[in-house]
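Everything on this sheet refers to the single structure shown next.
The values are calculated or read from the model by the stated rules, or taken from the named source; none is laboratory data. Only a predicted model underlies this, so the values are computations on that prediction, with no experimental measurement involved. Neighbour counts are summed over all protein chains in view; Cβ atoms, including those assigned to glycine, are modelled from backbone coordinates with ideal geometry. We work out accessible area using only protein heavy atoms, side chains counted, and drop any ligands, DNA or RNA first. Shrake-Rupley method; radii C 1.70, N 1.55, O 1.52, S 1.80 Å.
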Amino acid sequence: IQVGRSYSVRELLEYMIVYSDNYASRLLAASLDQSLITKLFRELELPEINYDRTQYMLNAKETSTFLRVIFNSTLLSPEKSEYAASMLHKSAFTKGFSSAFPPETKIWHKFGEWSDASGQYELHQTAVFFIGSKPYILTVMTRGNDPEALSKALQTLAKAVYAGLSA
């Protein structure tokens, strides 16, 4: 997103989900009632958010919770869950799972990346993908010094999972 420009909530959601734009995420989070977010995370049995910190870390199982909730329409109406799934389906990230699965595979996915001044890099991806009409959730979190190697690790693991499940 661009500094000084106004965005609708829908536009910010699209930037956050499709492009993994952390600035859009921060703007949306700043406009929400923190007590509602705290309550939601408690209901989902996720770690409590420390609003004084800039980072919030989840493990693979915790990250997968969000896709499960969208898939099952647990907290959102079916229409809003479908909207969220449609945004996840449009994810701009093509260097991970989607390049490892056959082209016709239906997939909704979200990626996240992070790096620090020391060269440490993290690349994570979570997805609901379908083999035929059967849905699966896959979440992989990687860390290292070579972003390209982390993308390849996502692809390798996704290929292996897909092959194992479709056998």
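I'd like to verify a number: residues in the range 42-55 that are modelled with pLDDT under 90 and either assigned to a helix (DSSP H, G or I) or open to solvent by 80 Å² or more (accessible area, probe 1.4 Å) (or both), how many?
Taking the range 42-55 first, the residues modelled with pLDDT under 90 are 47-55.
Among the residues that remain, those that are also either assigned to a helix (DSSP H, G or I) or open to solvent by 80 Å² or more (accessible area, probe 1.4 Å) (or both) are: 48, 51-54.
The number of residues fulfilling the criteria is 5.
A Cβ distance below 7 Å, combined with a sequence gap of six or more or placement on separate chains, defines the contacts here; from the range 41-59, residues that are of a type outside the set (S, T, N, Q) reach residues that are part of a loop (DSSP other than H, G, I, E, B) and open to solvent by 50 Å² or more (accessible area, probe 1.4 Å) in the pairs F41/E48; I49/Y56.
In the range 148-166, of all residues being among the small types (G, A, S) and without any contact (Cβ under 8 Å) to a residue 60 or more places away in the chain, the one that is least open to solvent (accessible area, probe 1.4 Å) corresponds to S151. Of the residues making up the range 67-74, at least one is assigned to a helix (DSSP H, G or I), surrounded by fewer than 16 Cβ atoms within 10 Å (Cβ to Cβ) and more than 14 Å from the chain's Cα centre (by Cα). If the condition is being under 16 Å from K110 (Cβ atoms) and open to solvent by 70 Å² or more (accessible area, probe 1.4 Å), then the range 1-22 contributes Y15, Y19, N22.
Taken together, A163, A100 contain a single residue that is farther than 26 Å from Q55 by Cβ, among the small types (G, A, S) and in contact with a Phe, Trp or Tyr (Cβ under 8 Å, 6 or more places away or on another chain), which is A100.
Restricting the search to strands (runs of 3 or more DSSP E) fully inside the range 95-147 and requiring at least 2 residues that are of a type in the set (A, V, I, L, M), touching a residue at least 40 places away in the same chain (Cβ under 8 Å) and open to solvent by 20 Å² or more (accessible area, probe 1.4 Å) gives 134-144.
Got a number for residues in the range 82-94 being assigned to a loop (DSSP other than H, G, I, E, B) and buried (at least 19 other Cβ atoms within 10 Å of the Cβ)? Give the derivation first.
So the first thing to find is which residues in the range 82-94 are assigned to a loop (DSSP other than H, G, I, E, B), and the list is 90-94.
Pick out the ones that are also buried (at least 19 other Cβ atoms within 10 Å of the Cβ) and you get 91, 93.
Going through the range 82-94 one residue at a time, the tally reaches 2.
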